[in-house]
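Remarks on the structure that follows.
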Amino acid sequence: MGKRTVEFSVGVFMVLGMIALVLMALRVSGLSMDDAADTYTVRARFDNLGGLNERAKVSMAGVTIGRVTKIYLDDKWYSAVVEMEINKSMSTLSKDTSAAILTAGLLGEKYVGLSVGAEEEYLKDGDWIEDTQSALVLEELIGRFLFSKAKE
Amino acid sequence: MLNRIADMGRYGVQVIESLGSATLLFANSLMWGGPGSAGFADLVRQIFSVGVRSLSIIAVAGFFVGMVLGLQGYTILVDFGSEAALGTLVSLTLLRELGPVVTALLFAGRAGSALTAEIGLMKATEQLSAMEMMGVDPLKRVITPRLWAGIISMPILALIFSTVGIWGGAFVAVDMLGIDDGAYWGNMQAAVEFYNDVAKGIFKSFVFGWVVTWIAVYQGYASIPTSEGIGKATTQTVVVSSLAVLGLDFVLTAVMFGGV
Amino acid sequence: MATDQPYVSVRNLTFSRGDRLIYNNLSVDFPRGKVTAIMGPSGTGKTTLLRLIGGQLTPDSGTIVVDGQEIGKLRRQQLFELRKQKMGMLFQTGALFTDLSVFDNVAFPLRVHTSLPESVIRDLVLMKLEAVGLRGARDLNPAELSGGMARRVALARSIAMDPELIMYDEPFTGLDPISMGMIVKLIRGLNSALGLTSLLVSHDVEESCSIADYLCLVSGGRVIGFGTPEELLNEGSDEVRQFLRGDPDGPVPFHYPAPDYRQDILSGGR
């Protein structure tokens, strides 16, 4: 094996590795170059998260516009606080935007769905979303259903 | 009974001894420089024999593994009517687990055993001793470039394995089973995260490359320099490094993905 | 350094491998500029002695001084420096690098240790190869060489850096008479031409006697005779003369120690 062949094929090998990495980034994980740093944080309080995870999607009208970054329990109110990063490109969310914990499909993962409100003022970094709707918990639903049936 | 316990004790001492000398070998050969140290050209040549020569088996294996994942995943997911999630299943399985692990196992069989045999043979034919007597440190000349070639090649091979596998899965899913092209890639892109899936997978393969190459060069360097000893060391390389990869995979998975 | 000082000086050397004591309080001097053959029965650790002198093995106790430098006291870096500048070693199998051609094998130490331009290296390599008569074989691979040729290439490689001390490990083993004759001529010729100090491990009495200035007979972990071949043949102890003449029985018995033959047979395995 000539020296040139060796060097050339090692070069090709390295380039293949680079191509694989780029494909992984762009085609497989759908990474776009601008989203990482340009976000702002908003917070919301929920009574029940029903299995929402950190890193869950935050979407509006089905389009992902951010991610859940932190979940913790507020020890004064005993309610769950969810911190989420919203892309800077979506900086025009009105102050009375509402947040709900929704499920993708019947058994799919939980995500935060935002619905836009009517106010003129926009949410800023560190603001709270006041209007929230907790996750649907299947046991509670069934319990309520049975209870109302029994009353009839 | 006493003999048994003594045997166990001796075995334990042997294991600790070889761990110690393997660590010394690693520490002494990790850094470049020293009497007659290898150069960049040696590294390139070793990447060729460790990495490029393993490329074809890795690519073919990756393609088949991806296709099998596509088929198996389809038969399970179609029962739940969620065959659109096939892309997610194939890509996450490959990126997080099968890519790094299967590549490492194939790498141990293909490149690891070859490394052990090569170094063992150099020892048996006194080439390593001859180097020492020429004032050339065989650790720096022989072991260092091979160690680094393994550490560099393995993540590249794992990336290629996963990439080929994902496209193999796409071939089965989209072209053979008729899943919508957009669903396969779209769901995948929604689920796969670069830092949490791709980067962690690369980190895994980096660790595996390091462990497998380390075990391979150590087994070769410490082998008994006879044809029987080299054969034994080669087997030992494949066995020990495969087990090490699987064990480490559990630890890494628990640390990186387990808490989520 | 005075020229009448020994080049290699071994003092009170003790070395054991596992439970086996190989050298017990061995002291010997190897004179400068001479060919000394280290001889002795198989398994007495003659090759081990070369490796101890080269610093590849460390003695349990005792000192080895090579050209005024004590091997055991050198740091790793200094030891490599000493080997590079002063030592050459010819291994039993030649130990050529199988992935390099004959030319590159001889060029290897030059390329690693010097920054000479390639044209100078080429001239040096061809000179060394000419000295062993293999200039025409420069493009062959080690696998294409016969045993004798491989050993000659290895010899060219070990003199590439112009060492002061060259150690030959069993240079005659497994060679046909013609190749053996070539090696004998080369060892003798190199020693007188370059003024080397040569140490030669062998158990071929005839060849060793024909080229060695001194013989050093080692048996049972100690030196049993040191002197010129004539001295030893005429004035050595019984054991020395038995070895040099190749007598089957003598101070070294033909029989491995065993109980009395007659009794052993008659006991019928009980």
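Determine, yes or no, whether A:E152 is in the same structural domain as A:V68 (by TED's automatic domain parsing) and not hydrophobic (A, V, I, L, M, F, W, C).
Spelling it out, it is not the case that A:E152 is in the same structural domain as A:V68 (by TED's automatic domain parsing) and not hydrophobic (A, V, I, L, M, F, W, C).
Kindly evaluate B:A183 against the criterion of being over 15 Å from A:A25 (Cβ atoms), in a helix (DSSP H, G or I), more than 14 Å from chain C (Cβ to nearest Cβ) and not β-branched (V, I, T).
Values: over 15 Å from A:A25 (Cβ atoms): yes; in a helix (DSSP H, G or I): yes; more than 14 Å from chain C (Cβ to nearest Cβ): yes; not β-branched (V, I, T): yes.
Considered against the rule, which asks whether it is over 15 Å from A:A25 (Cβ atoms), in a helix (DSSP H, G or I), more than 14 Å from chain C (Cβ to nearest Cβ) and not β-branched (V, I, T), B:A183 comes out as yes.
Hey, C:L126 hits all of (1) within 14 Å of chain B (Cβ to nearest Cβ); (2) assigned to a helix (DSSP H, G or I) but one; which does it fall short on?
Of (1) within 14 Å of chain B (Cβ to nearest Cβ); (2) assigned to a helix (DSSP H, G or I), only one is false for C:L126: (1).
Could we say that C:S158 is surrounded by 14 or more Cβ atoms within 10 Å (Cβ to Cβ), polar (S, T, N, Q) and within 12 Å of another protein chain (Cβ to nearest Cβ) here? Don't jump to the end; show me each part of the working.
Working: surrounded by 14 or more Cβ atoms within 10 Å (Cβ to Cβ): yes; polar (S, T, N, Q): yes; within 12 Å of another protein chain (Cβ to nearest Cβ): yes.
Criteria met by C:S158.
Collect the residues in the stretch C:183-220 that are buried (at least 17 other Cβ atoms within 10 Å of the Cβ) and assigned to a helix (DSSP H, G or I), keeping them in residue-number order. I'd like the intermediate steps shown before the answer.
Taking the stretch C:183-220 first, the residues buried (at least 17 other Cβ atoms within 10 Å of the Cβ) are C:183-184, C:186-187, C:190-191, C:196-205, C:207-209, C:211-212, C:214-219.
If the condition is that a residue be buried (at least 17 other Cβ atoms within 10 Å of the Cβ) and assigned to a helix (DSSP H, G or I), then C:I183, C:V184, C:L186, C:I187, C:L190, C:N191, C:V205, C:E207, C:S208, C:C209, C:I211 are the ones that fit.
Each row is one residue, and each column tells you yes or no for (1) surrounded by fewer than 18 Cβ atoms within 10 Å (Cβ to Cβ); (2) assigned to a helix (DSSP H, G or I); (3) within 14 Å of chain C (Cβ to nearest Cβ).
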site	(1), (2), (3)
B:N3	yes, yes, no
B:V13	yes, yes, no
B:F26	yes, yes, no
B:G33	yes, no, yes
B:S37	yes, no, yes
B:F48	no, yes, yes
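On the basis of being more than 7 Å from chain B (Cβ to nearest Cβ), surrounded by fewer than 18 Cβ atoms within 10 Å (Cβ to Cβ), over 23 Å from B:E193 (Cα atoms) and at pLDDT below 85, does A:M33 make the cut?
Working: more than 7 Å from chain B (Cβ to nearest Cβ): yes; surrounded by fewer than 18 Cβ atoms within 10 Å (Cβ to Cβ): yes; over 23 Å from B:E193 (Cα atoms): no; at pLDDT below 85: yes.
The answer is no for A:M33.
Is it the case that the stretch A:89-101 has a residue that's surrounded by 15 or more Cβ atoms within 10 Å (Cβ to Cβ), among the polar types (S, T, N, Q) and under 14 Å from A:N48 (Cα atoms)?
no
Would you check which residues across the stretch C:136-160 are under 24 Å from the mean Cα position of the chain (by Cα) and either acidic (D, E) or not in a helix (DSSP H, G or I) (or both) and list them?
Within the stretch C:136-160, C:L145, C:S146, C:I159, C:A160 qualify.
Take the conditions touching a Gly at 6+ places or on another chain (Cβ under 6 Å), under 28 Å from B:F48 (Cα atoms) and within 14 Å of chain C (Cβ to nearest Cβ) and apply them to B:G150. Does it pass?
Judged against the criteria, B:G150 is not a match.
Which of (1) in contact with a helix residue (DSSP H, G or I) (Cβ under 7 Å, 6 or more places away or on another chain); (2) within 23 Å of B:L95 (Cα to Cα); (3) outside any helix (DSSP H, G or I); (4) not hydrophobic (A, V, I, L, M, F, W, C) is the odd one out, the single condition A:N53 does not satisfy?
Here A:N53 meets the rest and fails (1).
At pLDDT below 80 and either in contact with a Lys or Arg (Cβ under 6 Å, 6 or more places away or on another chain) or farther than 30 Å from C:A131 by Cα (or both) - does that describe any residue in the stretch C:209-217? Before you say what the answer is, go through the steps one by one.
First pass over the stretch C:209-217, keeping only residues at pLDDT below 80: none.
Within the stretch C:209-217 (the criterion being at pLDDT below 80 and either in contact with a Lys or Arg (Cβ under 6 Å, 6 or more places away or on another chain) or farther than 30 Å from C:A131 by Cα (or both)), the answer is no, since none of the residues qualifies.
Give the stretch C:65-89 a look and list any residue that's of a type outside the set (G, A, S) and within 9 Å of chain B (Cβ to nearest Cβ), or say none.
Within the stretch C:65-89, the first condition is being of a type outside the set (G, A, S), and the residues that meet it are C:65-67, C:69-71, C:73-87, C:89.
C:R76, C:Q77, C:L79, C:F80, C:E81, C:L82, C:R83, C:K84, C:Q85, C:M87, C:M89 - these are the residues of the stretch C:65-89 that are of a type outside the set (G, A, S) and within 9 Å of chain B (Cβ to nearest Cβ).
Within the stretch B:77-121, how many residues are free of Cβ contacts under 8 Å to residues at least 24 places away in the same chain and either more than 30 Å from A:A25 (Cα to Cα) or assigned to a helix (DSSP H, G or I) (or both)? Even if it seems obvious, please write down each step before you answer.
So in the stretch B:77-121, the residues free of Cβ contacts under 8 Å to residues at least 24 places away in the same chain come out as B:77-82, B:89.
This time we only want the ones that are either more than 30 Å from A:A25 (Cα to Cα) or assigned to a helix (DSSP H, G or I) (or both), so: B:77-80, B:89.
Total satisfying the criteria: 5.
Yes or no: C:G88 at pLDDT below 85, within 18 Å of the chain's Cα centre (by Cα) and crowded, with 23+ Cβ neighbours inside 10 Å?
On the way: at pLDDT below 85: no; within 18 Å of the chain's Cα centre (by Cα): yes; crowded, with 23+ Cβ neighbours inside 10 Å: yes.
Here the answer is no, as C:G88 does not meet what is asked.
So, in the stretch B:221-260, of the ones that are within 18 Å of B:T93 (Cβ to Cβ) and within 14 Å of another protein chain (Cβ to nearest Cβ), which residue ends up surrounded by the most Cβ atoms within 10 Å (Cβ to Cβ)?
Of the residues in the stretch B:221-260, the ones within 18 Å of B:T93 (Cβ to Cβ) are B:245-246, B:249-250, B:252-254, B:256-258, B:260.
Remaining after also requiring within 14 Å of another protein chain (Cβ to nearest Cβ): B:256-258, B:260.
Values: B:M256: 16, B:F257: 13, B:G258: 10, B:V260: 8.
Going through the qualifying residues, I end up with B:M256.
Among B:G87, B:G112, which is the only one that is crowded, with 19+ Cβ neighbours inside 10 Å and more than 30 Å from C:A95 (Cβ to Cβ)? Full working, then the answer.
Values: B:G112 fails: more than 30 Å from C:A95 (Cβ to Cβ).
On inspection, the qualifying residue turns out to be B:G87.
The values are calculated or read from the model by the stated rules, or taken from the named source; none is laboratory data. All figures in this text were calculated on a predicted structure; none of them were measured in a lab. Neighbour counts run over all protein chains shown; Cβ positions are idealised from the backbone, glycine included.
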